[in-house]
Amino acid sequence: MTFPDKIVDGDIRSIARGISIVESGGIESDNLLNELYNRNCSYIIGVTGPPGAGKSSLINLLIDEFKHHFRKIAILAVDPSSPFTGGALLGDRIRMQQHAMSESVFIRSMASRGHIGGISGATKDAIKIVSAAGYDLVIVETVGVGQSEIDIVKLSDTTVLILVPGYGDEIQVMKSGIMEIGEVFVVNKSDKSGSEKLATTVKWLLKENYRNKSYLPPVILSSVTNNTGIEDIVKAVLNHKNYIEKNGIDRDKIQERIKDDINILLERKINEFIQHHLKYPENIEKWVNLVISKKSTPYEIIREIKDNMILDIREDI
Amino acid sequence: MDKRIIKSEKEKWDKNTVGPFIQKTPERKNLKDSSNESIERLYSPLDHNEDDYITKSNFPGQYPYTRGVYPTMYRGRYWTMRQYAGFGTAEESNERYRYLLTQGQTGLSVAFDLPTQIGYDSDDPISEGEVGKVGVAIDSLDDMEILFKNIPLDKVSTSMTINSTAVILLAMYIAVAEKQGVSPDKITGTIQNDILKEYIARGTYIFPPKPSMRLITNIFEFCSKNCPRWNTISISGYHIREAGSSAIQEIAFTIADGIAYCKAAVNAGLDIDDFAGRLSFFFNSHNDLLEEVAKFRAARRMWAKIMKEEFKAKKSKSMKLRFHTQTAGSTLTAQQSDNNIIRVAIQTLAAVLGGTQSLHTNSRDEALALPSEDSVRIALRTQQIVAFESGVSNTIDPLAGSYYIESLTDRIEKGAFEYLEKIEKMGGVVAAIEAGFIQKEMQNSAYEYQMEIESNDKIIVGVNKFKIEEPPIKGLLKVDMSIQKKQCERLKKVKERRDNIKVDNILKKLEQEANGNINLMPTIIDAVKSYTTIGEISNILRKVFGEYKENIVL
Amino acid sequence: MDRKIRVLVAKPGLDGHDRGAKFIARALRNAGMEVIYTGIRQSPESIVETAIQEDVDVIGLSLLSGAHNILFPKVVTLLKEKNAGDIIVMGGGVIPVEDISYLKEKGIQAVFTPGTKIGEIVDFINEKVEKRNK
């Protein structure tokens, strides 16, 4: 069996290896993703929310409930890499470790590796790997740093936003722009005071401001300590799934993602091409010195490069 | 003398005497205590106000007990020398206990293996490899009867390091005593029974906080009526310190736990003065002798204040912080392990100068294995030499009045009260544990400490300086690999011999009671008397109470 | 190509002393590695399954209860059964010198006892992983 076949066959070791390969990038990663592209399609749930909102603990409980609706579940949990050392402590998994021995659950911790936006650069490729391996549900847990987690919305079919009382009143909720992120809203730690009030506020804000007029996100109260609200979250996700399938939004999302893939590959190729033709590593210092010695400016340099480049490309052709 | 004069003289000394001197011979850098606070070059009357003597120190045996909980301290009776021991089967441990008693030890201290501590029988798959390792394996009353064979329970006081399953082991102890003809009101000793520090530092929890607190208050209530001489809890900072906390954190988090237990019991309808006198504490004695002495003094003063002012205790006994001490296991080194004897001696001095009620001294080889008999004897002798030869126990609280000790006592008290305030704001210690706050604070201290050793900023003799090549140590204690098999066979026989219908009925009754609000102690005593096992009882309680999930912070 | 070293720090058995494990986890992170920590009370089976799913290069086992002679070798055996014998296994904790040679025989590639410098562990991992990935 070839390596990609083993992944498709569901071999755990190969799936895990495959994710490492796409995390490392390069030609090996391109080849693998090429083999596995369009193999399978999973439903993708993004789970986001501030640190300490209890995302991992909630996913831990959701897994059991989702098992009734999906055959195989993969969880990709993203934690931040240290900007100084590049290392990372991947701590989400600890809270889901009770599923380590479950045959239908695959858990993978990923470091953000310098990527901002709440997920790692390789998360969407890791999704392709587990999709190809037949996981019909993929749950992506974001870093959870707050406002800039827009990437997850593009990536997922349903985004679940988890809030907790104590993080912010109404104004903070509005300010943070998170209203744009979620399709299912969860107020977790409902055993803590202030949760009811937060839920009411969020409901009101959604009613007034939500971008989509034909779908109003539900707001669900949950508690990991008391194991409540879990079924409701799953139901809400399935509802939303139903909604996007009925309205063809799922197809739009897929189109968007393919477009994104093409764009990224294109950008990378153009970048590589330019770097190669401009002999960037050798020239950059020269350019800087030209500017420092006041012989040129960045604008002049670019204009010159642009003119030369057009000549180069013509030659190439 | 006028403080202003002292102040101006000190300034002169700094400028004229110290200044030129350190220009030629500079001082060592980074002189800090365990809380990372810089230690001053010199302490003087400027750092200590003697006018507060009566309110802050007072005389021993008087509020706030800073100088000691008893009026004569060691001039009357030495501290109890109590070596924690237990390994392998009940027979082996029983032999060790009887040896220690003949060597002049004055109390027993039982170590249980991890399956016993976490409520699994020896034949549970999860117990694999752990049976009889860190302590003695107990499955049923049968083992407990062997453990205390020929040890008169009306004469010996016994301390049991047991927490999640404390209710079961105490029930067994009561049952064994009854079989010896000793009634519950005659037994003396302590169960650790401190679940909160298990969540914080030690890790042998089973149930979530709420039902765990219920079991603890069940014990408080039962013992206040039936075992008046039994210490129902040993609120432990020892493991918090071992996990890497500072001295301030050790007493702050321990006292925070103590407050939580008192609140739980008061909420359950108990009167503070009915149980507070049976609360005892358990602290660590670390290497920084002076800081440790100040820590013990600060802890006594804090507890007295809290009991009097916050809980409105009336009996003086309720306000007295009585504590057991163990020397710091984490300071023992595997390298040049005989050096550990000296470390333990210093830590012993700290505990005695700090006014401990009982003491366990660690053995030199504990960084390598469970202690051998020779090593345990040296550890006990260390206490005996401090007691009988050193002279430090001839007067009470001899370091009091030292400018440094007094100002450090104040500073530790202040730092610890600041933590208590923070914890209170978070909603109490359980909320602070669930939020990971306490663990995070401790881990940061632990990490800093370790990095100081890594960078040689902190010297550990024989580890990062004064190293030698040395051959492996001989004569370490080895726990027999076949012990699990032996223990399982014994368990099987017990299960064949007992009345299994009776066991089933009691377990059903226990399940019902656990679902309600009734005190579980009497039924658990009945259960152990019918040789129901620890695993069986714990599993029923797991079913009703659920299991605790740790909030791990990294 | 940017291949990061991934390490699983695991606590088998019932031992709850996690100060050392947590310190190692943090220190390896600061040495630029991606570290996953399992938490306490893990069975050898779940440690092995986790190591495979996380595609780690190294498993670091920490145990202070004395059950190492049984639990450490079991992890190695299970890895081999799962065709993952190439994952490097190292151990640490309260481990008597005389047990170290036994553990090495059973496939634990290094045993670090208290007092080991973190640099030594980092060097060991770097060296072993480089060899393994060649």
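Any read-out appearing in this document is the output of simple, stated calculations on the displayed coordinates, not a laboratory observation. These numbers were taken from a predicted model, which means no experiment stands behind them. Because the Cβ atoms are built from the backbone with ideal geometry, glycine has one as well, and the counts that use them run over all protein chains shown.
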Report the label-to-label distance for residue B:402 and residue A:13 in nanometres (one decimal), using points 7 Å from each Cα along the Cα→Cβ vector. 6.2
Can you compute 3J(HN,Hα) from phi for each residue in the range B:497-507, using the Karplus curve 6.51 cos²θ - 1.76 cosθ + 1.60 with θ = phi - 60°, rounded to whole Hz and x for Gly and Pro? 7, 7, 8, 5, 5, 4, 4, 4, 5, 5, 5
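Report Rg/Rh for the range B:129-284, rounded to two decimals, where Rg is the Cα radius of gyration and Rh the Kirkwood radius. Before the final figure, lay out each step's value.
Working: Rg = 15.7 Å, Rh = 16.2 Å.
Reported Rg/Rh (Cα atoms, Kirkwood Rh): 0.97.
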Enumerate the whole-percent occupancy of each 20 Å bin, from 0 to the last occupied one, for all C-alpha pair distances of the protein assembly as shown. 12, 39, 34, 13, 2, 0
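Relative contact order of chain C: what whole-number percent is it, with Cα pairs under 8 angstrom and at least 6 residues apart? Present the calculation step by step, with values, prior to reporting the outcome.
Values: 211 pairs, mean separation 32.7, N = 134.
With pairs under 8 Å counted, the relative contact order is 24 percent.
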Tell me which cysteines of chain B come out unpaired when the rule is another cysteine's Cβ under 4.7 Å. B:262, B:488
Would you mind classifying the range A:3-247 by shape? Square roots of the alpha carbon gyration tensor eigenvalues, ordered a ≥ b ≥ c; an a/c under 1.5 is rounded, otherwise it is prolate if a/b is larger than b/c and oblate if not. prolate
List every residue whose amide H lies under 5 Å from the amide H of residue A:75, counting only residues 5 or more places away in sequence or on a different chain, with H placed 1.01 Å from N in the peptide plane. A:106, A:107, A:108, A:139
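Using a cut-off of 14 Å between beta-carbons, work out the net charge of the residues near residue B:153 (Lys and Arg +1, Asp and Glu -1, residue B:153 not included).
On the way: positive: B:98, B:149, B:155, B:179, B:186, B:229; negative: B:145, B:154, B:178, B:185.
Neighbourhood net charge equals +2.
Would you please give the FRET efficiency between residue B:381 and residue B:77, computed as 1/(1 + (r/R0)^6) with r the Cβ-Cβ distance and R0 = 22 Å, to the nearest 0.05?
Details: r = 19 Å, r/R0 = 0.88.
Efficiency, rounded to the nearest 0.05: 0.70.
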Nearest 5 percent is fine: what portion of the DSSP beta bridges confined to the protein assembly as shown is antiparallel? 5
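Please report the relative contact order for the range A:3-247, taking Cα pairs under 8 Å with a sequence separation of at least 6, and give it as a percent rounded to a whole number.
22
With N denoting the number of residues in the range A:259-316, provide Rg(C-alpha) divided by 2.2 N^0.38 Å, to two decimal places.
On the way: Rg = 13.8 Å, N = 58, 2.2 N^0.38 = 10.3 Å.
Output field value: 1.34.
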Residue B:235's amide H: which non-local residues (gap 5+, or another chain) put their own amide H closer than 5 Å, with H modeled 1.01 Å from N in plane and none for Pro or chain starts? B:280, B:281, B:282
So how far, in whole Å, is the C-alpha centre of the range B:6-63 from the one of the range A:197-232? 59
Where does each of B:44, B:245, B:390, A:156 land when they are ranked from fewest to most other beta-carbon atoms within 10 angstrom? B:390, B:44, A:156, B:245
Quick one: Karplus J couplings for the range B:197-214, per residue in order, coefficients 6.51, -1.76, 1.60, θ = phi - 60°, nearest Hz, x for Gly and Pro? 6, 5, 5, 6, 9, 9, x, 9, 7, 10, 8, x, x, 4, x, 5, 5, 5
Which ³J(HN,Hα) values in Hz, rounded to whole numbers, follow from the phi angles of the range A:105-120 under the Karplus curve 6.51 cos²θ - 1.76 cosθ + 1.60, where θ = phi - 60° and Gly and Pro get x? 10, 10, 10, 9, 8, 10, 8, 5, 6, x, 7, 9, x, x, 10, 9
Each label point is 7 Å from the Cα along the Cα-to-Cβ direction; what then is the distance between the points at residue B:62 and residue B:474, in nm? 6.0
Can you give the net charge of the other residues whose Cβ lies under 9 Å from the Cβ of residue A:1, counting K and R as +1 and D and E as -1? -2
In terms of the Cα gyration tensor, with a ≥ b ≥ c the square roots of its eigenvalues, is the range C:6-132 rounded because a/c is under 1.5, prolate because a/b exceeds b/c, or oblate? rounded
Given 0.36 nm per residue, what is the gain on full extension from residue B:6 to residue B:51 after removing their alpha carbon distance, in nm? 14.6 nm
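Which of the three applies to the range B:71-454, rounded, prolate or oblate, going by the alpha-carbon gyration tensor with a ≥ b ≥ c and a/c under 1.5 meaning rounded?
On the way: a/c = 1.28, a/b = 1.10, b/c = 1.17.
It is rounded, given that a/c, with a ≥ b ≥ c, falls under 1.5.
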Per-residue Cβ contact counts at 10 Å, fewest first, order B:242, B:513, B:50 as B:50, B:513, B:242
Using modelled amide H (1.01 Å from N, peptide plane; none on Pro or chain starts), what sits under 5 Å from the amide H of residue B:80, excluding residues fewer than 5 places away? B:358, B:359
Percent RCO, i.e. relative contact order, over chain B, from Cα pairs under 8 Å lying at least 6 residues apart: 19
What order do you get for A:204, B:79 when you list them from fewest to most C-beta neighbours inside 10 Å? A:204, B:79
In the neighborhood of residue C:108, defined by Cβ-to-Cβ distances under 14 Å, what is the net charge if each Lys or Arg adds +1 and each Asp or Glu adds -1? +3
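What does the helix-only formula give at 222 nm for chain B: each DSSP H stretch with n ≥ 4 adding -39500 (n - 2.57), the total divided by the residues, and the result rounded to the nearest 500 deg cm²/dmol? Write out the running numbers ahead of the final one.
Numbers: 21 runs with 254 residues, N = 554.
Counting only the DSSP helices, I get -14500 deg cm²/dmol.
For every helix of n ≥ 4 consecutive DSSP H residues, a contribution of -39,500 (n - 2.57) applies; sum these over chain A, divide by its total residues, and give [θ] at 222 nm rounded to the nearest 500 deg cm²/dmol. Walk me through the intermediate numbers first.
Working: 12 runs with 157 residues, N = 317.
One gets -15500 deg cm²/dmol as the mean residue ellipticity at 222 nm.
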Using 18 Å as the Cα-Cα cut-off, could you pick out the over-long pairs in B:314/B:422; B:263/B:425; B:295/B:422; B:308/B:422? B:314/B:422; B:295/B:422; B:308/B:422
